[in-house]
Amino acid sequence: MLKTRIILVVVCALVIWLIFLLPKAVVENESQLTADQDASTQGKNPGTGHAPVSQDILKSIKELRALYVSDPANQKNTIFADSLAGLYTRAGQFDSAAWFAGEAATFFNTQEKFLKAGNSYYEAYTFAMDPEKRELLAKKTRDFFGKVLDRDPKNHEVKAKVAMTYLSSSSPMQGILMLREILAEDPKNEMALFNMGMLSIQSGQFERAIERLTELAEVNPNHVQGQLLLGVAFMNTGAKEKAKAQFEKVKKLDNDPSVQAAADSYLKDLK
């Protein structure tokens, strides 16, 4: 039960947004580009029934998609693919955004486009619920971020995201080793500290979690999720007063209803 709640806490800031922005299926070929036509014209994200999308965005998507489908190999139309990636992101359709970003990156073959495609696929991966789909998106994330790291191996933010995609794969230790490598080179890296703290909690290494998350709090006192998990770590070591103080601190840091509810839930357990 506790592990389940920890996982929910990690994404608490995204929960409300996620409910309304669940992505549609990955667009894998041109024939699928028109499959969501009816849903789009109704102003809703295909397959969700939630999050009405601006008619201006829908109109732009429809027009650019038609131009892209007419000749996807044309350089000018590949620019349309780049624009479509941004529009689909704004519409909350992260899988489609990633697909078009990938098409543009493959054509332009630049560091900037590889980074954009990697981030798009990572965002889609983060929201994906189906294990098979998550693995597909994780692989695409690693493919594009791998091209970025080939040219810039010291890009710790990208490396940390790649590491996180391994944690849900059949090779989780590879991700952990990558996070350790980042911290060896950059001891104050927030993403690596947070994720190592989270992983320590999930594996029952609460003292180690306290160490990592305390370091994170020193680097960034306003890291809400890190502060919340630090409270969880204290609670699991029996340090109730420290845990209470930590959850009260979290309540002061962020007024988001989901954050407040998570902190209140833990405080209730500590009474």
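Read-outs throughout are calculated quantities, based only on the coordinates presented, and are distinct from any laboratory measurement. Quick caveat, the model's predicted, so the values are computed rather than measured. Don't worry about glycine lacking a Cβ; one is built from the backbone with ideal geometry, like all the others, and counts go over all protein chains shown.
Laid out as a table, the results:
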item: Assigned charges on the beta-carbon of Lys, Arg, Asp, Glu; region 189-271 dipole about Cα centre (debye); result: 280
item: Rg to Rh, two decimals, where region 171-271 supplies the alpha carbon set and Rh follows Kirkwood; result: 0.99
item: Farthest toward positive dipole pole in region 207-269 [+1 Lys/Arg, -1 Asp/Glu at C-beta], among THR214, LEU253, SER265; result: SER265
item: Qualifying trypsin sites (Lys or Arg not before Pro) in region 141-178, DSSP loop, other Cβ atoms within 10 Å at most 15; result: LYS154
item: Gain on full stretching of the segment that runs from ASN255 to ALA239 - 0.36 nm per residue minus C-alpha separation; result: 3.2 nm
item: Residue pairs, from the table LYS133/LYS154; LYS161/LYS251; LYS59/LYS147; LYS133/LYS159; LYS116/LYS161; LYS140/LYS161, whose Cα atoms sit over 23 Å apart; result: LYS133/LYS154; LYS161/LYS251; LYS59/LYS147
